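Trainee: Please find one structure pasted underneath; my questions will follow.
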Amino acid sequence: MATMQLEIITAEEVVYSDQVEALLAPGIEGELGILPHHAALMTMLQPGELMVRKNGEETFMAVSGGFLEVMENRVSVLADAAERSEDIDEERAQAAVRMAEERIAMREADVDLEQAVAQLRRATVRLAVARRRRPGSRARRGPSPDS
Ligand code: ATP
């Protein structure tokens, strides 16, 4: 099976470094699918879910935006923040959702609406990624039959 080197780093740490088979990342212009020997590419990322496939197994991570570069079969993700599904504190993300929603609802002059919306987005992504680690969560992927 063909592979490529993937590095996901933040200012604080190396979150992921391994040979992988495929990557799905939230590009600012839409979902990016990257397979080994992809053409050179540079793009910004938006807050969203990142999926890595290695040995046929999928790992999910939350990224809070950043930058992605593909060069010579090597993918580098420089993320503002990135957490593996199992490292996400679900209660903290839930609290962040509530706090952002309250700040948005207040509509007060001292609330930076753009910042509150961005915080809501990051927290919502974290919740979605945290829920991936529950048994059976893969079966719920995609639209349900009656949607
Ligand atoms: P918070 O409401 O917790 O401040 P935030 O979205 O403002 O969230 P960020 O600035 O995106 O936080 O991230 C700050 C640091 O905290 C990063 O290192 C990030 O990985 C980590 N982090 C934020 N939320 C969570 C979470 N729910 N679980 C685990 N780590 C988190």
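Every read-out reported here was derived from the displayed coordinates using simple, explicitly stated rules and does not represent laboratory data. The shown structure was predicted, so the numbers you read here are calculated from the model rather than taken from an experiment. No Cβ is skipped: glycine too gets one built from the backbone with ideal geometry, and neighbour counts run over all protein chains shown.
Trainee: What's the number of the condition VAL75 fails, among (1) part of a strand (DSSP E or B); (2) within 16 Å of the ligand (Cβ to nearest atom); (3) closer than 22 Å to ARG132 by Cβ; (4) in contact (Cβ under 8 Å) with a residue 24 or more places away in the chain?
Mentor: Of everything listed in (1) part of a strand (DSSP E or B); (2) within 16 Å of the ligand (Cβ to nearest atom); (3) closer than 22 Å to ARG132 by Cβ; (4) in contact (Cβ under 8 Å) with a residue 24 or more places away in the chain, VAL75 misses just condition (2).
Trainee: So ARG92 passes all but one of these: (1) out of contact with any helix residue (DSSP H, G or I) (no Cβ under 9 Å at 6 or more places or on another chain); (2) within 9 Å of the ligand (Cβ to nearest atom); (3) charged (D, E, K, R). Which condition number does it fail?
Mentor: (1) is the only condition that ARG92 fails.
Trainee: How about segment 59-83: which of its residues are exposed (fewer than 15 other Cβ atoms within 10 Å of the Cβ) and not aromatic (Phe, Trp, Tyr)?
Mentor: If the condition is that a residue be exposed (fewer than 15 other Cβ atoms within 10 Å of the Cβ) and not aromatic (Phe, Trp, Tyr), then GLU69, MET71, GLU72, ASN73, ARG74, ASP80 are the ones that fit.
Trainee: Given the criterion over 13 Å from VAL129 (Cα atoms) and touching a strand residue (DSSP E or B) at 6+ places or on another chain (Cβ under 9 Å), identify the matching residue among LEU50, LEU113, LEU23.
Mentor: So the residue among LEU50, LEU113, LEU23 that is over 13 Å from VAL129 (Cα atoms) and touching a strand residue (DSSP E or B) at 6+ places or on another chain (Cβ under 9 Å) is LEU23.
Trainee: Restricting to segment 95-123, give me the number of residues that are β-branched (Val, Ile, Thr), within 22 Å of ALA79 (Cβ to Cβ) and more than 10 Å from the ligand (Cβ to nearest atom).
Mentor: 1
A quick yes/no check of all residues on (1) buried (at least 17 other Cβ atoms within 10 Å of the Cβ); (2) among the small types (Gly, Ala, Ser); (3) more than 17 Å from GLU86 (Cβ to Cβ); (4) under 16 Å from the mean Cα position of the chain (by Cα):
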| site | (1), (2), (3), (4) |
| --- | --- |
| MET1 | no, no, yes, no |
| ASP18 | no, no, no, no |
| LEU23 | yes, no, yes, yes |
| PRO47 | yes, no, yes, yes |
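Trainee: Take segment 78-89 and flag every residue that is out of contact with any helix residue (DSSP H, G or I) (no Cβ under 6 Å at 6 or more places or on another chain) and either of a type in the set (A, V, I, L, M, F, W, C) or within 7 Å of the ligand (Cβ to nearest atom) (or both).
Mentor: Passing the criteria: LEU78, ALA79, ASP80, ALA81, ALA82, GLU83, ASP87, ASP89.
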